[in-house]
Each structure stands twice: as structure tokens, then as C-alpha cells.
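Heads up, the thing below is written out as C-alpha cells.
The values are calculated or read from the model by the stated rules, or taken from the named source; none is laboratory data. Note that the structure is predicted; figures quoted are calculated from it, not measured. All Cβ positions, glycine included, derive from the backbone under ideal geometry; neighbour counts span all protein chains shown. For the accessible areas, the whole protein counts, side chains as well, though only heavy atoms, and no ligand, DNA or RNA atoms are used. Shrake-Rupley method; radii C 1.70, N 1.55, O 1.52, S 1.80 Å.
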Amino acid sequence: MPELFLDQFTAARPVDQVRVAYEFAAAHPEVLQYVPCFCGCETRGHVGNDDCFVQNRGADGRVLAWEPHGVACAVCIDVGTEASRMYASGATVTQIRTAIEGKYRPLAASMTPTPMPEGHTGH
């Protein structure tokens with residue numbers, strides 16, 4: 001993985017929390033690609049929270065380039081770290097998506113056009 005560039009930007013959260021979000025995004029695209037973001041980053045072409053942290057992956061899934069947007073965005077970091085905590089506690093991708101969307105969507109003007117997890121049958 002490329003080195004994180006956390007010293008080049010003013011982090012919106014403590015550096016350790018930002019690092020957790022980036023490392024989780026790198027290791028678990030199968031989770032964050034199904035978790036929406038609510039900061040308005042869909043205007044940057046982001047589809048899900050994974051895009052807030054990872055700009056480019058190789059064919060093998062390895063991170064080739066980081067997305068700097070996530071460093072300075074508290075919403076991106078909060079969504080990513082919350083997803084990380086839920087995943088570590090054993091929550092499914094659908095449970096993570098449902099909980100995060102339930103928490104952030106009522107507070108946000110918009111959200112990314114994130115696909116639903118496979119096997120999701122609706123509410």
C-alpha cells in the first residue's frame with residue numbers, strides 16, 4: 001500500500017481515527033463499497049464511503065492511490081470508523097448499511113448513490 005499522507009492535510013478527527021478509517025477502507029472494500037457517505041461527495045464522483053479513502057486499486061484489490069478527501073472530512077471519517085467498529089463486532093454489511101443510513105440520512109442533504117449489498121431484499 002502507498003504510505004498515508006496524513007501529515008499533508010489538516011485532519012478532521014484525531015490522526016489515529018483517520019488512520020483506522022483508511023486502513024479499514026483498504027482492507028474491506030466489500031463493506032465500504034455498500035456504505036453510503038453523506039457529506040456531499042457524490043459531486044466528486046464518489047459512489048460509497050470506500051471512495052472517500054481509496055482513489056485507485058489494482059486488479060488484485062491492492063490500494064494504488066489514496067483519496068485525500070477523507071482526511072479532512074469528519075463525516076467520511078465518522079462513517080468509516082463506525083462501519084469498522086460494527087464490522088469488528090460481527091455486524092453484516094446489510095446491518096452496517098442500515099444502521100449508518102438510519103443515523104446519517106435524516107441529517108444530510110444528500111447521500112452517495114451507493115448500491116445495496118448483494119442479497120439485500122429491501123426493508
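Restricting ARG13, ARG97, ARG85 to residues that are touching a residue at least 12 places away in the same chain (Cβ under 8 Å) and open to solvent by 30 Å² or more (accessible area, probe 1.4 Å) narrows the list to ARG13.
Among the numbered conditions (1) at pLDDT below 95; (2) touching a Phe, Trp or Tyr at 6+ places or on another chain (Cβ under 8 Å); (3) basic (Lys, Arg), the only one that ARG19 does not meet is (2). Taking first residues from the stretch 41-63 that are of a type in the set (Asp, Glu) and partners that are not in a helix (DSSP H, G or I), the Cβ contacts under 6 Å between residues at least 6 apart in sequence or on separate chains come to GLU42/THR112; ASP50/GLN33.
The residue that is farthest from GLU101 (Cα to Cα), among those in the stretch 27-50 that are among the β-branched types (Val, Ile, Thr) and either surrounded by fewer than 24 Cβ atoms within 10 Å (Cβ to Cβ) or in contact with an Asp or Glu (Cβ under 7 Å, 6 or more places away or on another chain) (or both), is THR43.
Within the stretch 1-43, the set of residues being touching a Lys or Arg at 6+ places or on another chain (Cβ under 7 Å) and within 12 Å of GLU67 (Cβ to Cβ) comprises LEU4 only.
Checked across the stretch 51-58, the condition of being surrounded by fewer than 20 Cβ atoms within 10 Å (Cβ to Cβ), at positive phi and not acidic (Asp, Glu) holds for no residue.
When restricted to residues that are over 16 Å from HIS46 (Cα atoms) and in contact with a His (Cβ under 7 Å, 6 or more places away or on another chain), the stretch 75-123 contains 2.
Exactly one residue out of PRO68, PRO117, PRO36 is of a type outside the set (A, V, I, L, M) and out of contact with any Ser or Thr (no Cβ under 7 Å at 6 or more places or on another chain): that is PRO68.
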